[in-house]
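Would you mind keeping the following structure in view while I ask a few things?
Each value in this text was obtained by applying a stated rule to the coordinates, not by laboratory testing. Predicted model only: the values in this text are computed from it and were never measured. Here Cβ is always computed from backbone atoms with ideal geometry, including for glycine, and neighbour counts include all displayed protein chains.
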């Protein structure tokens, strides 16, 4: 690629590495590695071609990886298929089956198919026309035949040098082995008379090293101007020097002569198993194949398609990747009050080692060391551990000052500071840390109450709300509010919508806000519907630039087909990515139902409206949940600052 097109794609992941990660159940981590390579390659580029894996008997997982890869990159898909010994209807059926893996031929992101190595006596135009006659798949215009590339054996011809390297052959005479190519192999166990008609350009002659008659016949052919691919001598037998002297003219004419230790039969088997891929330094072959393939593609349609703007969806894998990258760049100090919990310790170790955040564990150092040793956790350098008993006293006076309006005295402050969450919250209020994450063993109330008392709401905010990032297979949606406000008024619901839209923007999501209700538009009336309608209007008046609409039913907000029926004039319906629910009952029920029944992972809840970032972990949080919540908190801190 670098030699033929001047492009420098990143080094691809090795197959062994990919198989090891898949075997360890690390598909998400693998996709994030691929996205890292994708981001490197995409710098300054308008179009990026991503080569999928080729499914084989030994790599049956390839189709699954390709599917996840396409979803993660929100990529348009072009299938590549090589017709086998099958009738046209069978070929069409096989292509349609492949298309179904990526959403089906009617999916707008499944563009079409390129047929490669088509073996037929007729022209590609005639073949394509016959295929379309037998294939309803290719007749409706949604799924296109983007190219028919005929089979040409000479395009697979390796250089004689490549053959020598792949066999580990001894080079007796290099000759023109950098330029000559092997298009055919003949095994010479026959007489010279029967061999001579086979000595044609591109032929590699394989014969035992003691067949002087064949060696001399090959040399005469070379002297007479036949550009043979070379002479491969087997059985570890080298011709007598006197024979080689007779062959001098052929050697000087550029005839490559190689020698291997294996017999002719084993050598022939190895030759038939040679890798057909183009060596990275074979520029000539790469350019010939590139031009040949390009000449058989529907170039005008591809140019037109590449110039068509398309709104990209933010996939879960890209979202997670960007989350980690931004957290690393933010370099924030995050306090973890539950510092003696194994899950918290492991998450902190990961975040510290990967540079996601500078973590502070509130716990006795010896206790953390014991837990880490018991669970096989390696504590990285720089991981900060503060003993609450040794630092508690220093926060009594600041806490009294922070709560003086509530007549808090020193003994009361000392008592409250027995809770490490309170210590961490005071540290945050004093700007000693940038954010706080808790909730492995503490309740939501225990995490949030100190923040409301000591951190308070951000300027312009009258309430604290929450959002979940819902990681569906192909996109990331946001749900709010699902844990904080039981019965928000229209004004409060409007504020929740604006907070959620701001959070979406902060995390790289261009917000399209749907205000959810049990009816869409003006199809129903009632107190709850009117509340949502009023909240939508208030939000529009506050932020005229914001794409927001409501009331909308969930399916009208999420599904384009339903949206065309129920809300055809809505700027949001069918495309919403921020869903604001009318009350806590609806929000929490929907979030949990979707999380459990759909193929969906959630991150959060992330609190909104506080002056500084404090986040509560979901019940049953695992290490990954804590790591990503720490990353969310670090990015919030960076946004606030």
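Please say if region 117-158 is rounded, prolate or oblate, where rounded means a/c under 1.5 for a ≥ b ≥ c the square roots of the C-alpha gyration tensor eigenvalues, and otherwise the choice is prolate for a/b larger than b/c and oblate otherwise?
It is prolate, given that a/c is not under 1.5 and a/b is the larger ratio.
Roughly how many Å is it from the Cα centre of region 531-550 to that of region 29-90, as a whole number?
Value for the Cα centre distance between the two parts: 41 Å.
Another question, then. Quick check: residue separation of residue 242 and residue 408 times 0.36 nm, minus the Cα distance between them. What number comes out in nm?
On the way: separation 166, 0.36 × 166 = 59.76 nm, distance 10.85 nm.
Gain in length upon complete extension: 48.9 nm.
How far is helix 527-542 tilted off the main Cα axis of the chain, in degrees rounded to 10, range 0 to 90?
Approximately 80 degrees, to the nearest 10.
Of the listed values (1) 28.1, 104; (2) 25.7, 72; (3) 34.0, 114, identify the label whose number matches Rg and Dmax of the Cα atoms in Å calculated from this model.
Only one option fits the structure, namely (3).
Now for a different question. In deg cm²/dmol and to the nearest 500, what is the mean residue ellipticity at 222 nm of the chain if only DSSP H runs of at least 4 residues count, each as -39500 (n - 2.57), divided by the residue total?
On the way: 28 runs with 282 residues, N = 641.
The helix-only estimate for the chain comes to -13000 deg cm²/dmol at 222 nm.
Grab the beta carbon distance between residue 87 and residue 170, set R0 = 30 Å, and tell me the FRET efficiency rounded to 0.05. Kindly include the intermediate steps, with their values, before the conclusion.
Values: r = 48 Å, r/R0 = 1.61.
The calculated FRET efficiency here is 0.05.
Note down the nm distance, to one decimal, between modelled labels 7 Å out along Cα→Cβ at residue 290 and at residue 375.
5.2
Additional query: Among 373-386, 567-580, what's the highest-first ranking by average C-beta atoms within 10 angstrom per residue? Could you put the intermediate results ahead of the total?
Values: 373-386: 13.8, 567-580: 21.7.
Going from most to least packed, we get 567-580, 373-386.
Report the Cα centroid-to-centroid distance between region 565-604 and region 441-490 in angstrom, as an integer.
16
Using only Cα atoms, find the angle between the long axis of helix 342-354 and the longest principal axis of the chain, and express it within 0 to 90 degrees, rounded to the nearest 10.
Helix 342-354 sits roughly 60 degrees off the main axis of the chain.
If you take the square roots of the eigenvalues of the alpha-carbon gyration tensor of region 159-275 and sort them as a ≥ b ≥ c, do you get rounded (a/c under 1.5), prolate (a/b over b/c) or oblate?
Values: a/c = 1.27, a/b = 1.17, b/c = 1.08.
It comes out rounded by the Cα gyration axes.
If each residue of separation counts as 0.36 nm, what is the full-extension length gain between residue 564 and residue 624 once their alpha-carbon separation is subtracted?
Numbers: separation 60, 0.36 × 60 = 21.60 nm, distance 3.85 nm.
Between residue 564 and residue 624, full extension yields 17.7 nm more.
Next question, about the same structure. What whole-number distance in Å separates the alpha-carbon centres of region 176-225 and region 307-362?
Centre-to-centre distance over Cα atoms comes out at 64 Å.
Share of Cα-Cα pairs in region 460-609 beyond 20 Å, in percent? Show your work: numbers first, answer last.
On the way: 4516 of 11175 pairs.
Pairs farther apart than 20 Å: 40 percent.
Order these peptides, 111-122, 453-464, by their mean beta-carbon neighbour count within 10 angstrom, highest first. Write down the numbers at each step before the final one.
Values: 111-122: 17.1, 453-464: 15.2.
Averaged packing, sorted descending, gives the order 111-122, 453-464.
Here's something else I'd like to know. For residue 510, project a label point 7 Å along Cα to C-beta. Then give me every residue of region 540-557 with its amide nitrogen under 16 Å of that point.
545-548
Pulled fully out, how much extra length does the chain show between residue 124 and residue 528, if you take 0.36 nm times their separation in residues and subtract their Cα-Cα distance?
Details: separation 404, 0.36 × 404 = 145.44 nm, distance 6.34 nm.
That pair, residue 124 and residue 528, stretches by 139.1 nm at full extension.
Once a ≥ b ≥ c are taken as the square roots of the eigenvalues of the Cα gyration tensor of region 446-503, is the result rounded (a/c under 1.5), prolate (a/b larger than b/c) or oblate (a/b not larger than b/c)?
Numbers: a/c = 2.03, a/b = 1.53, b/c = 1.33.
The shape class here is prolate.
Can you sort 134, 68, 303 from fewest to most other Cβ atoms within 10 Å of each residue's own Cβ?
Starting with the residue having the fewest Cβ neighbours, the order is 303, 134, 68.
So for 35, 288, fewest C-beta neighbours within 10 Å to most, what's the order? Let's see the in-between values first.
Values: 35 22, 288 16.
Lowest to highest Cβ neighbour count: 288, 35.
Remind me, what semi-axes does region 394-441 give for its equivalent ellipsoid, largest first in whole Å, using sqrt of 5 times each Cα gyration tensor eigenvalue?
Details: eigenvalues 72, 33, 14 Å².
The equivalent ellipsoid of region 394-441 has semi-axes of 19, 13, 8 Å.
Once both axes come from the Cα atoms, what is the angle between helix 490-506 and the longest principal axis of the chain, in degrees from 0 to 90, rounded to 10?
The angle comes out at about 30 degrees.
Suppose each label sits 7 Å from its Cα in the direction of the beta carbon; what would the residue 589-residue 154 distance come out to in nanometres?
Modelled inter-label distance: 7.3 nm.
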